[in-house]
Every structure is written in structure tokens, then in C-alpha cells.
Amino acid sequence: MSACSILRVMDMHDASQGLKISNKAKNARRNMSMRILSILFVSALLLILPESTVSWSPSQYVVHPHLFSHGNNIQFRRARTSSRFQHHENIEDNAPLPPPYSGPIPQPTSENAPLGGISVGELGLDLAVAPSTVAPGSLGLYAVLSEAATDGSAIESATLPAFTLLGGYSRHGIFQSRDEGDKTVAFALDNANTAVFYERELMSVVDALALAAQTVGKDNSCGLAGHVLLPDENKESFSIYLDIEDPEFGRYFVPDPVDDFDSVPLVQRLGQFCNDLAWDYQNPPTTREEYDKASNEKNVVQLAWRLAYDEEINSLVPSWPVSILARDVTFANNRDLMELGTRYGWNYWQATVDLDAI
């Protein structure tokens, strides 16, 4: 990785898949309740979720969890009874489950011991940060099935729907007009369907704007900071473009550096440790198509922005990014940590290669 400043482009528009556009702003909240993908634990939990004690042994990853009450929209397959616990709106009861996730597994050595971890009982997962298997000298984000569900029964597998909230990218950081470092994320939306969090709910950005205009906006209107909104011909939706007329707009979120794993709860910043599993440093993809294919197969995490209303400019503004699942995923690894990946984007890697060649 070059020491030069490189913007991490996360292809935020990929988060638009699966969300619908509201056609009538006056029905925004009612429509939202019908269409918004529900999440397993709301954004507020990121502020209070405690951490777990994590250790590593040569034979098994060990976590001493603090478990929480059952959430919604999750399928557990319990090892004791082999019966499926179903309480899931987004994956049909008779629909085939996605195949078990198969990610890189670290060697069980002391050098690969996790530096921190959390157990999220509502997901049936333990999440940990440990040295990456794919990015030399970097940390990675890992997942393994929890030892037990919230009722104490063992878990054989857990299927989570797309857009499930895993945790924050970084709760603390600054917005500035220039990118800095390789963990910078740009607030750059290019699709009205892009998934965002607003008022602690997941929805498309067009629904967030409609809701804000209806409930808090001036003259039933609301803008999007750093973007230009152009209505479509039918005026029921709009196209989104970056506002290039305001170069001083703080579009780039630079997370605070991680000096230790005790000062800030890991759940608030675990997303920044997610590497791009589609990029092989020894044998990198040679074309965009090759990269896209590998990314779609290997990366299961993506970013979504949390938005808040700014009365002074009558617009929705970014607060901080969070990490969500990019698609339905089944986890069945109950012993080995598996590294999770997120898409950085072909342009990011091309910039990296170009800078490294200088």
C-alpha cells in the first residue's frame, strides 16, 4: 500500500439494490414502514453496545460473550434440534438459503491472535479484529458463529439478510474538503435508491429526503448536502449529482486513528478494518470485469451513511458511515474465524497501482 493519500472509494451506489423509491412524499412514512428493510439492531445500539473479552487458542476461537435479546429477521439453525428458527421478513420461508460463507481463515498462531472482539447475540455472530490474511501488515475484520443463541441453544448456522447492520465504520472522525490516508470515505451518492440510515431506520435516500421534507424541512423541501438534485420528467423522483461548485464542502470523512481497542467500543469502528478480498497483491485482477466478478463473489460487506437534518442549510448531512451486509449471507463456521471483505472499487486500486509505480 502506498504511503500517499488515496481515497477509499466504497462504491456506495451498490447499496441501492433492493430498496424502492417512494412515489408520493406525503405518504413517505406509511410507505416506508412497508418497504424499508428492517435491521437486527438499530443504530442507537452502536452507542451502547459493550465489548466482549476475546482470546485465541490453537484449536478454537474463544469468546466470552455478552448476549442480547433476540432480534427480528434472522434464521438460526439450532444444532441441538436441527430445526430452523424462522422469524424473517426478507428471506421467504421456502426460498433456498444462500450457500455458507467461505472466507479466508488465518493460521492459529499467536501472531494472528485477535486484538479485540464483540459478540452480537442478535446476529448469532462474534466479530473480531485480527491481522489480515489478504492485506500484509494490516488488520482485518473476521466473523465466526457465536457459541450459543440468546436462549442458550447451540447454533449450527445463521442466515442474515442483505442490509443487516454489522457496526460502525468509525464513530469518530472529521469531515474535510480533501481526502487523507487510505481509510478516507467520500460522501458521494449517485443514485436515488442508495441505502442510508435516517431517524434510526434504513431507507433509500429519496425516502429520507421525502420524510425530512414532510416532517422538518422548510416549505416542505429538503436538500442533500454536497449534491445537486434534479427532478425526473415525471417529478416523482430525481437524479443525484455531486455539487462541484462548492470545492470547500467537507465531503471526505477521515476516521480517527485507532491507537488502542479500549478507548472506543469496537462496534463503533469495526468497519474500517474490512479489506477488499477481491484484490490479490500477488496476482491482482487485470481488468475491471475481472475485479467486479471477484468482488461480487468474495465481498459481503458495504458501507451506508447515517444522515441527519441540518436546519441551517435545510438539508440532510452525513454524520458517520456504518457497515452493512451487501447481500443475504449464511454463516456456518462455528470454529474458524473467516475474514470479511468490502468493495474498495476498481478506481481505488488503479490509483494505488499508479502511485506505487511512481
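The values are calculated or read from the model by the stated rules, or taken from the named source; none is laboratory data. From a predicted model like this one, the values you see are computed outputs, not experimental measurements. Glycine gets a Cβ as well: all are built from the backbone with ideal geometry, and neighbour counts include every protein chain shown. The area values use the complete protein model at the heavy-atom level, side chains included, leaving out ligands, DNA and RNA. Shrake-Rupley method; radii C 1.70, N 1.55, O 1.52, S 1.80 Å.
Things worth noting here:
- Length gained when the stretch Asn347-Tyr241 is fully extended (0.36 nm per residue, less Cα-Cα span): 36.3 nm
- One decimal place: the segment Glu180-Ser102 gains 24.8 nm when fully extended, by the rule 0.36 nm per residue minus the C-alpha distance.
- Extended-chain gain in nm, criterion 0.36 nm per residue less alpha-carbon gap, Asp151 and Gln214: 18.5 nm
- Percent RCO, i.e. relative contact order, over the stretch 270-358, from Cα pairs under 8 Å lying at least 6 residues apart: 35
- Average accessible surface area per residue within the stretch 180-242, 1.4 Å rolling probe, Å²: 45
- Taking 7 Å steps out from each Cα toward its Cβ at Ala95 and Arg335 produces label points 3.2 nm apart.
- Taking every alpha-carbon pair under 8 Å whose residues sit at least 6 apart, the stretch 119-266 reaches a relative contact order of 23 percent.
- Separation of the His172 and Leu230 label points, Cα + 7 Å toward Cβ, nm: 4.2
- Cα-projected label distance for Ser221 with Ala308, points at 7 Å along beta-carbon direction, nm: 2.5
- Zone of Asp256's modelled label, taken as backbone nitrogen in the stretch 171-190 under 20 Å from a point 7 Å along Cα→Cβ: 171-177, 180-186
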